[in-house]
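These notes concern the structure reproduced below.
Read the figures in this text as sums done on the coordinates, not as results from a lab. Since the model is a prediction, treat every value here as computed from it, not as a measurement. In this analysis, Cβ positions are derived from the backbone assuming ideal geometry, glycine residues included, and neighbour counts consider all displayed protein chains.
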């Protein structure tokens, strides 16, 4: 089944404790992206990647890091989480050809930073 | 850069009534348009999309949306809603090419609540 898999689904952590949210896709998509969803703000892009070793900032990159060492994986790293990073996070992927196919989203990771 | 405005943050309706969720976009280039649905405590699912061709697009569960280039709109409609349609609906746009233009830009969402 074609899918984007995120882990964990739920995570509660303390301020300053480094964490990684994993994202993996099995569709051989070149493009991958991370979004955060906050009430009343919709979804905002954090980082994106056009292909292996090619990443760039989205609209709200502060406090986040990403890497793309393999085509299928695109982990989101919070080096020193803060309470304002409490949010619902989504990973998504898309092929680059035929850019209008839309994204396939993961099921989301609900992060709480206390 | 593109932007999306969803004109209503909440839309309450009664079951079997018609509904329209409004979406306007702005862009200096040609775009692709999407509607995504998010059921409570779930991820986002693609509902329908406009890429090219016929300006009226339909989903398998009775929703339709019409692309209106002159009004830069992509409103979502359903002639008769069910309780199970209760969800948050997101309109999104992408230029579908090169770097940041490939980004899918979302509106802030419209919460559709269908009451019995």
(request) Any chance you could check the Cα centroid distance between region A:43-107 and region B:30-90 for me, in angstrom? (result) 24
(request) Please report, to one decimal in angstroms, the Kirkwood hydrodynamic radius of chain B built from all distinct Cα-Cα pairs. (result) 14.3
(request) Measure off 7 Å from each Cα along the Cα-to-Cβ vector at residue A:86 and residue B:28, then give the distance between these two points in nanometres to one decimal. (result) 4.0
(message) Can you compute the modelled spin-label distance between residue B:83 and residue B:59, with each label point 7 Å from Cα toward Cβ, in nm?
(response) 2.0
(message) Can I get the semi-axes of the protein assembly as shown's equivalent ellipsoid? Compute them from the C-alpha gyration tensor as square roots of 5 times the eigenvalues, in angstrom, largest first.
(response) 29, 21, 15
(request) With label points built 7 Å along Cα→Cβ from the Cα atoms of residue A:22 and residue A:59, find their separation and express it in nm. (result) 3.0
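Working out 0.36 nm times the residue gap between residue B:16 and residue B:52, then minus their Cα-Cα distance, what length gain in nm do you get to one decimal?
Stretched out fully, the residue B:16 to residue B:52 stretch lengthens by 9.9 nm.
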(message) With bins 5 Å wide starting at 0, give me the P(r) of chain A over every alpha carbon pair, in whole percents.
(response) 2, 13, 24, 26, 19, 10, 4, 1, 0
